[in-house]
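This report refers to the structure that appears directly beneath it.
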């Protein structure tokens with residue numbers, strides 16, 4: 001795993017980071033292939049930024065292994081990060097210096113060629129004309145762009161962008177998405193951390209959904225969108241008895257009651273025969289069925305369910 | 001739901017081996033120069049540093065010279081040894097420490113407080129190299145500024161130094177040998193009798209009214225027999241012999257050797273202040289408290305530690321940086337703080353101990369600052 005030629009841009013196994021009793025990153029296994037735009041999606045407080053900080057060596061992992069671009073971290077951290085660019089949280093810089101001077105400081109910490117990439121990076125993110133202004137006069141969006149430029153001066157193979165759309169206006173967000181796609185087209189890997197499914201959906205090829213520090217689903221966007229759970233809504237004459245019956249039948253889902261309606265949540269690939277079996281069981285016990293409707297739960301709906309628990313105890 | 005992270009074909013592009021020594025603790029030249037730039041462009045801090053190291057001596061020079069030009073009888077020549085000592089030890093040594101410490105604390109903490117530390121760590125560069133780069137960068141500001149300020153003081157104190165020594169209202173030419181001083185006394189016996197200090201009874205027969213009683217001597221006893229001119233000249237020669245040890249110990253100016261030693265001593269103190277401030281700033285992660293602690297050390301703890309007579313804590317007192325620095329103070333100049341108060345006690349220590357104490361301060365605080373930087377979450 002330490003050759004630098006792995007097919008994975010990021011590889012983690014059982015990665016764990018705790019803050020006291022709070023497990024911010026909980027046994028995360030990630031395999032992010034090179035040359036993709038990969039979304040790391042989760043609600044606020046899910047542990048996205050902590051995972052990124054752990055990957056970059058900004059904080060120490062408590063357990064597990066990880067590698068970036070095939071190099072073990074933290075053992076070969078310097079080699080791994082030589083071709084990694086990252087924005088973590090809100091990008092902040094020395095306010096009394098210009099954008100160009102800030103990049104000069106960062107370029108000096110990289111290889112000598114990095115200094116020669118400053119203008120190109122500034123131009124690519126669209127702030128070359130303001131490069132000599134003091135950063136304290138930059139808007140939030142301009143600082144985001146400067147943060148991306150700071151990533152680009154290292155000619156990175158892997159970019160890790162934490163909420164890069166923050167502070168950008170709609171046009172800026174559009175440009176950022178285009179730039180991310182262009183970077184991927186150049187063969188780079190972009191990991192986009194966000195709490196906005198729409199943003200990830202528009203930009204990424206694959207994603208991992210994280211909650212309470214754990215990766216709960218991982219895969220290509222198409223696969224995940226196609227694989228939402230099925231909720232069978234049943235309006236019947238005796239919902240309480242129906243719940244008892246269906247629970248005893250082990251139908252492979254969970255049954256809840258809302259008013260006169262049952263909501264039976266089933267796995268995504270549930271066959272129609274299961275629906276028929278449910279109907280048969282109910283009618284066999286003289287429960288009248290007025291309506292039986294399978295509703296496919298989209299990933300977005302499911303994700304909204306997850307993100308709607310903001311403020312819950314972690 | 002299936003886990004298909006390989007939905008997009010992986011290009012398996014190998015990462016090129018880095019061409020630099022990013023993990024090395026030795027900073028590159030460009031890391032030092034860009035760090036220098038970052039510090040130099042802190043306008044408020046630079047103005048404060050320039051004001052203290054260069055501005056105060058220049059302002060003093062302008063005011064004292066103007067007063068001397070306007071009213072030379074009241075305000076003597078503004079330069080000379082006392083001015084050199086007052087400005088170099090009283091101003092540059094004391095406040096140079098504070099501003100050098102402030103610069104060090106700034107260099108040690110602003111990357112963290114301004115959010116740049118994270119960017120720097122992500123480059124993969126050794127954190128130790130990031131820390132070490134700040135030392136030459138900061139010293140590149142501190143050392144020249146102190147040198148310029150000190151040179152200004154030296155030039156001013158020499159250029160505007162008086163040409164005579166003042167003994168009360170009398171002025172004696174500088175640089176006389178014992179014989180020459182006796183001859184000068186014989187030629188100016190009236191001044192000697194009326195003004196200069198001597199242990200013999202004051203001779204009669206000299207009219208001292210012109211000196212207005214501003215000398216060291218009481219009028220002679222009524223009825224005393226007036227001396228002849230030759231006797232007065234002989235008396236003056238004897239008084240000159242008596243005066244010579246004090247006369248020869250006075251300096252119109254600091255010698256070149258003393259200036260060099262004093263300059264190096266002040267530079268050493270400013271360097272120590274910067275390095276310790278850097279370590280403390282890095283350790284605490286913020287500037288204000290670090291600067292306050294350094295000021296307390298220099299302005300409060302050091303004078304107390306150097307003058308307080310506490311037998312049980314004498315070795316602790318010797319371990320204070322300012323006390324050790326005081327041991328290295330060149331002979332011929334007095335302490336910056338701690339004089340007066342009717343207490344002549346000073347903590348003493350050997351030269352070796354003083355050097356060891358200073359080295360320990362530099363090493364320990366640098367190690368603490370570097371350790372914290374290497375271990376800190378970014």
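Coordinate-derived values only; no laboratory data. Quick caveat: nothing in here was measured; it's all calculated off a predicted structure. Here Cβ is always computed from backbone atoms with ideal geometry, including for glycine, and neighbour counts include all displayed protein chains.
Below, the figures for the structure above:
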| read-out | value |
| --- | --- |
| Pairwise centroid distance, computed over Cα atoms, of segment A:101-138 with segment B:73-135, Å | 28 |
| Cα-projected label distance for residue B:288 with residue A:295, points at 7 Å along beta-carbon direction, nm | 5.4 |
| Shape category assigned to segment B:105-196 from the gyration tensor of Cα positions, a/c cut at 1.5 | prolate |
| Length released on extending from residue A:169 to residue A:244, taking residue separation times 0.36 nm less the Cα-Cα span | 21.7 nm |
| Crossing angle, helix B:256-284 versus chain B [Cα axis fit, 0-90 degrees, rounded to tens] | 30 |
| Neighbour-count order for A:231, B:275, B:260, fewest beta carbons within 10 angstrom listed first | B:260, A:231, B:275 |
| Scaled radius of gyration (Cα, divided by 2.2 N^0.38 Å) that the protein assembly as shown gives | 1.51 |
| Distribution of pairwise C-alpha distances over segment A:119-211, 10 Å bins, in % | 16, 51, 28, 5, 0 |
| If the convex hull is drawn through the Cα atoms of segment A:230-297, its volume per residue in Å³ | 72 |
| Sorted by Cβ density within 10 Å, fewest first, the residues B:287, A:92, B:125 | A:92, B:287, B:125 |
| Ascending count of other beta-carbon atoms within 10 Å, so fewest first, for B:171, B:88 | B:171, B:88 |
| Extended-chain gain in nm, criterion 0.36 nm per residue less alpha-carbon gap, residue A:119 and residue A:285 | 52.2 nm |
| Residue B:377 paired with residue B:151, simple spin-label distance in nm, labels 7 Å along Cα-to-beta-carbon | 4.9 |
| Whole-number D in µm²/s for chain B (Stokes-Einstein; Kirkwood sum over Cα pairs; 37 °C, 0.692 mPa s) | 131 |
| Largest to smallest principal axis extent of the C-alpha atoms in segment A:159-238, angstrom | 58, 26, 25 |
| Share, in percent, of DSSP beta bridges within the protein assembly as shown that are antiparallel, nearest 5 | 70 |
| Relative contact order (percent, whole number), chain B, Cα cutoff 8 Å, 6+ residue spacing | 23 |
| For chain A, convex hull of alpha carbons as volume per residue, Å³ | 161 |
| Segment B:272-315 - Debye-derived log10 I(q)/I(0), Cα point model, q = 0.21 Å⁻¹ | -0.71 |
| Förster radius 22 Å - calculated FRET efficiency between residue B:46 and residue B:264 (Cβ-Cβ, nearest 0.05) | 0.40 |
| Added length on full extension, which subtracts the Cα-Cα distance from 0.36 nm per residue, residue B:143 to residue B:295 | 52.8 nm |
| Estimated 222 nm signal from helices in chain A, with DSSP H stretches of n ≥ 4 weighted -39500 (n - 2.57), rounded to 500 | -10000 deg cm²/dmol |
| For segment A:86-148, alpha-carbon Rg and Dmax in angstrom | 10.7, 30 |
| Sum of -39500 (n - 2.57) over DSSP H runs of 4+, divided by residues of chain B (222 nm, nearest 500) | -18500 deg cm²/dmol |
| DSSP beta bridges in segment A:8-225 [antiparallel fraction, %, rounded to 5] | 55 |
| Coordinate range along principal axes, alpha carbons of segment A:1-124, Å, largest first | 41, 33, 25 |
